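The values are calculated or read from the model by the stated rules, or taken from the named source; none is laboratory data. It should be emphasised that the depicted structure is a prediction, and the values quoted were computed from it without experimental measurement. Cβ sites come from the backbone with ideal geometry, for glycine too, and all protein chains shown count toward neighbours. Quick note on the areas: whole protein, heavy atoms, side chains included, nothing else; ligands and nucleic acids left out. Shrake-Rupley method; radii C 1.70, N 1.55, O 1.52, S 1.80 Å.
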Amino acid sequence: MEVMKEGAGTQLQKESKPATQPTRKRKLADPAQATIDEATQLMLERAHELDIDTVFDRAENMKPCNIGTQGTCCKNCGMGPCRLPLPKSGIEGDDERKGLCGATPNTIAARNFLRMIASGAAAHSDHGRCVAEVFLAAAKKQTEDYKIKDPLKLLAIAPHFRVDTTVEVDGEVVDRKLDEIAVEVAEKALNEWGKAEGELLYLQRAPKPLYEKWKKTGVLPRNIDREIVEIMHRTHIGVDQDYKNLMKQGTRAAIADGWGGSMLATDLQDVLFGTPYPLQSEANLGVLKEEYVNIIIHGHEPVLSEMLVTVAQHKELQDYSKSKGAKGIQLAGICCTANEVLQRHGVPLCGTFLQQELAIITGACDAMVVDIQCIFQNIANVAKCFHTKIITTHPIAKMEQDNVIHIEFDEHNALDDAVKIIMIAIDNFTNRKAEVMIPPQKAPQVAGFGVEAIEYHLGGIFRGSYVPLNDNIINGRIRGIGGVVGCNNARTKHNDGHITVVKELIKNDVIVLTTGCNGIACAMAGLLTPESAAVHCGPGLAEVCETVGIPPVLHMGSCVDNSRILLAATEVVKAGGLGTDICDLPAAGSAPEWMSEKAISIGQYFVASGVYTVFGVGLPVSGAPVFQKYLFEEFEKLYGGMWDLEVDPVKHARKMIAHIDKKRHALGIDKARERILVDMATRREMASA
Ligand code: BF8
């Protein structure tokens, strides 16, 4: 048989192989080029040794479509797909490109962008709806398995739903029963998805000028579902053909995500499962333990994983695992389910989005329990090479492969479902067939910084407040705030963008708020410890972190918890001295390695909330330069925030810093100052200056 040489043509291939079995030499990813993380490099080498295909290799063998990446492929009707790539020579004079119906590149790119927002907003919000349903069942005592864990947070959010927490009895004001409040909050919350009239209740939580801006531009969301449905309607062939009008709806749906579905998910989860406070844990594949039953929880919704955490601690199950020869049960998480159980229970993080296949390749994963979102279908194929049981649990997220077990989770039967799943994992411990190879890398971390925890840590228990944070921003020790969030993307070096951007920011005294896979990447790189401040931060931020005892990167949770960043920014505005709206703050947002449609929705609600937001990798708008300019420049006039794109992570961070400096200048705090205690009167004076 002839050996096909690199670069040999298809002619040779056809001659040497039957046409039905084309042999294409499979390219393998170079571990050192694919990731900055040593554990990932080791596991990638292991995958190659075992001839197991992972996302890193697939990215080498399939390049993305050039027209799709520009955002100018329209497949919204049966006459297409209509492909409108930018001509190589660029556009001179009028842009005459159009689809069969006449749709311009701007219309097509805007429609595609909107559909990404719709999908992202739907994912976050449907997650929130599921939590609200469980919350209602718990409030009505239809399930014994869930209870209100944080009554104080329930009382704190009730007024936003216009639910009274007190009642007048015989002329006396008395506290209402918690159960009554919980039922009313749950019903009002669920109503937010489909109410017939009015606007989302949580919009009133935004700073007043921001709310007024939304009102003036006509983007106040009416209810969550309606805004998503309207995107699908308006992007259908022959409906909305004005990119500016389309983006108005995109903005409205994104606000319905950030200040609606996501914020509701976060709040109701906190009430039900507990509001996070800082705790210690570890991160990376090295958290798996060879002698333990390793159960990896992966996905996004914590309703089931909360039960798994509870049940895994039961003595009977621990003893049962020992009867099988294990030393106990080790839970670990991937993606945002991981962030949920990390921030409330300290369950260690096993890895980011791109490490899910590698976790199975360790040979030590006895079960991977998945719920919704960011789950590779290929984990089922990888699991076939090992003993790992893949268990799907959600009715809307099943897999076609025959080695996948489906155990449908039911909140009325949650503990029993969790026991069943853990028993499967324990019984599987003795079936390990491949040699176990767990990389040694793992890093310590401190996570669990919700809005309340930041307030407490900075202001102290008696005067919990954001004022000390503002003081340190005003006096220049902290230059500004960076919200760095989002995914991994196999089209860019794993974790390189995340870590380079974050290190550049903290080196320049910008404190970082993180969520999602950026949070996991920072944990793996050791940036979530107070000690890292002395190593990586500029002198001002290092001093603040050392004084207060916090890491320079504050992990605020999962991707729905980006709503915490919105609320933290609102608290900073309220604390005074830094303007009257989020767009006045010396702050910027970033998603260096984004890949998910959810990230586009998040980006859009950050921008619409007044945040300058930089994405890495690429944005599918480059084929429509006029539309891109609208997002990158003109949006600032509407909402105070705008999009930007920067692939180089150092330049990416510097653009954020330049924006922060621009805002410092506008506030009149750009000169380094000696620390002064600013009282409220001075702060108001500065704000109105
Ligand atoms: O919601 S950051 S890869 S895990 S989409 Fe997915 Fe992106 Fe990770 Fe969480 Ni968010």
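Annotations for the structure displayed:
- Restricting the stretch 552-574 to residues that are open to solvent by 10 Å² or more (accessible area, probe 1.4 Å) and away from the ligand (no atom under 16 Å from the Cβ), the residue that is nearest to the chain's Cα centre (by Cα): Leu567
- Just one residue in the set Asn413, Asn403 is more than 25 Å from Gly557 (Cα to Cα), assigned by TED's automatic domain parsing to the domain that holds Asn294, modelled with pLDDT under 95 and not acidic (Asp, Glu); that residue is Asn413.
- Qualifying residue in the stretch 359-366 (condition: within 15 Å of the ligand (Cβ to nearest atom), open to solvent by 10 Å² or more (accessible area, probe 1.4 Å) and not in a strand (DSSP E or B)): no
- Selection count where residues are part of a loop (DSSP other than H, G, I, E, B), surrounded by 21 or more Cβ atoms within 10 Å (Cβ to Cβ) and more than 20 Å from the chain's Cα centre (by Cα), scope the stretch 476-515: 4
- Check on Thr392, open to solvent by less than 10 Å² (accessible area, probe 1.4 Å), touching a helix residue (DSSP H, G or I) at 6+ places or on another chain (Cβ under 7 Å) and among the polar types (S, T, N, Q): no
- All positions within the stretch 424-455 that are assigned to a strand (DSSP E or B) and open to solvent by less than 30 Å² (accessible area, probe 1.4 Å): Ala443, Gln445, Val446, Ala447
- Residue satisfying all of: in the stretch 575-607; in a strand (DSSP E or B) and under 16 Å from the mean Cα position of the chain (by Cα); surrounded by the most Cβ atoms within 10 Å (Cβ to Cβ) among these: Ser590
- Cβ-Cβ under 8 Å pairs, at least 6 apart or on other chains, the stretch 373-388 side of a type in the set (S, T, N, Q), far side open to solvent by 40 Å² or more (accessible area, probe 1.4 Å) and within 15 Å of the ligand (Cβ to nearest atom): none
- So Ala397, is it touching a residue at least 24 places away in the same chain (Cβ under 8 Å) and either within 16 Å of the ligand (Cβ to nearest atom) or not assigned by TED's automatic domain parsing to the domain that holds Leu304 (or both): yes
- Phe615 within 16 Å of the ligand (Cβ to nearest atom), over 21 Å from Asn245 (Cβ atoms) and surrounded by fewer than 24 Cβ atoms within 10 Å (Cβ to Cβ): yes
- Residue-level analysis places Gln41 among those that are crowded, with 19+ Cβ neighbours inside 10 Å and in a helix (DSSP H, G or I).
- The set of residues in the stretch 136-172 that are among the hydrophobic types (A, V, I, L, M, F, W, C) and open to solvent by 100 Å² or more (accessible area, probe 1.4 Å) contains only Leu152.
- Contacts under 7 angstrom Cβ, first residue in the stretch 634-655 being closer than 22 Å to Ala254 by Cβ and assigned by TED's automatic domain parsing to the domain that holds Gly497, partner outside any helix (DSSP H, G or I) and basic (Lys, Arg), 6 or more apart: none
- Any hit, the stretch 143-153, residues being among the polar types (S, T, N, Q), at pLDDT below 95 and more than 16 Å from the ligand (Cβ to nearest atom): yes
- Test: residue in the stretch 236-244 that is touching a residue at least 12 places away in the same chain (Cβ under 8 Å) and open to solvent by less than 10 Å² (accessible area, probe 1.4 Å): no
- Residues of the stretch 302-323 satisfying the condition of being farther than 30 Å from Cys130 by Cα, surrounded by fewer than 23 Cβ atoms within 10 Å (Cβ to Cβ) and in contact (Cβ under 8 Å) with a residue 24 or more places away in the chain: Tyr320
- For Glu546, the conditions (1) touching a His at 6+ places or on another chain (Cβ under 7 Å); (2) free of Cβ contacts under 8 Å to residues at least 24 places away in the same chain all hold with the exception of (1).
- Options Leu469, Leu458: the member that is over 28 Å from His314 (Cα atoms) and buried (at least 24 other Cβ atoms within 10 Å of the Cβ): Leu469
- Annotation: of all residues in the stretch 12-38 being hydroxyl-bearing (Ser, Thr, Tyr) and surrounded by fewer than 16 Cβ atoms within 10 Å (Cβ to Cβ), the one that is modelled with the lowest pLDDT is Ser16.
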